[in-house]
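A short write-up of the structure that comes next.
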Amino acid sequence: MNYLAHMVIGEWVGLNDAGALGNFIGDAVKGRDVEGIWGEEVGRGIRLHRSIDDVSDRCAASVEARGILRGHCGKWSGVVWDVLVDHVLAQEFEALADGCGSLEAFAASQEARLEGLRGEMPERSRRFFDAMVTHGWLEGYRDGETVNAVLEAMSRRRETAGPVAFGWRAFVQDETQLTECARRLVLGMQAWG
């Protein structure tokens, strides 16, 4: 699950602003004593982010989807899957993101919420946040061309990440099955959260 799904789950569990910050920066923060370094509420969000990753990675729908993607994306199938889940969630937002309203309103509220905390973000998260807002990624995940461009850009960040660029082609080839996996995952995470 990528940023949009993390934000939706954060909304479902009622994270406050500091918790939402922790949920957003979760990938950029290392170590165990997150509360000691970041404070109680940011630490809660970081731990939620880690739990979401752990539970969603072990979910049968994710295991199945990564198996489908592995032939195209190799060891990067999990990274591609995270982006594709956000694509399906964005396309079917009002049906899957229960209680979150429209994608446009939700994206705007999450971006505004995090903008106020931008100065507290680690540099890596701040750069990502700025790019996310500038390029409208949260809403843009609805669009296949945007998802393809995101995956191609990701494939250029690391020399070994080339297969990530094949992610969109893999999705199109097995769209029905991967879409159903994404739906099952999101609904399962709602029950979990």
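The values are calculated or read from the model by the stated rules, or taken from the named source; none is laboratory data. Here the structure is a predicted model, which means the values were calculated and not measured. With ideal geometry, Cβ positions are generated from the backbone for all residues, glycine too; neighbour counts draw on all protein chains shown. These accessible areas exclude ligands, DNA and RNA; they are computed on the full protein's heavy atoms, side chains included. Shrake-Rupley method; radii C 1.70, N 1.55, O 1.52, S 1.80 Å.
List of remarks:
- Value of [θ]222 nm, deg cm²/dmol, for the chain, DSSP H segments ≥ 4, -39500 (n - 2.57) each, nearest 500: -23000 deg cm²/dmol
- The modelled label-to-label distance between Thr176 and Val13, using points 7 Å beyond Cα along the C-beta direction, is 3.6 nm.
- Spacing of the two label points (7 Å from each Cα toward its C-beta) at Arg126 and Glu92, in nm: 3.9 nm
- Dipole moment magnitude, nearest 20 debye, the chain about Cα centre, only Lys, Arg, Asp, Glu C-beta charged: 720 debye
- Nearest 10 degrees, 0 to 90: helix 175-192 Cα axis against the chain principal axis: 30 degrees
- Across Thr179, Thr160, Thr134, Thr146, the residue with the most accessible area heads the list, and the full order at a 1.4 Å probe is Thr134, Thr160, Thr146, Thr179.
- Solvent exposure of the chain as accessible area per residue, Å², 1.4 Å probe: 46 Å²
- Three-way shape label, segment 20-161, alpha-carbon gyration tensor, a/c 1.5: rounded
- Between segment 1-69 and segment 112-177, the alpha-carbon center distance in angstrom: 17 Å
- 19 Å reach of a label modelled at Thr160, 7 Å along Cα-to-Cβ, counting backbone N of segment 57-90: 70-82
- Nonpolar atom fraction for segment 78-193, defined as the carbon and sulfur part of the 1.4 Å probe accessible area, stands at 48 percent.
- Hz values of 3J(HN,Hα) by residue in segment 140-147 - Karplus curve (6.51, -1.76, 1.60), Gly and Pro given as x: x, 4, 5, 9, x, 4, 5, 4
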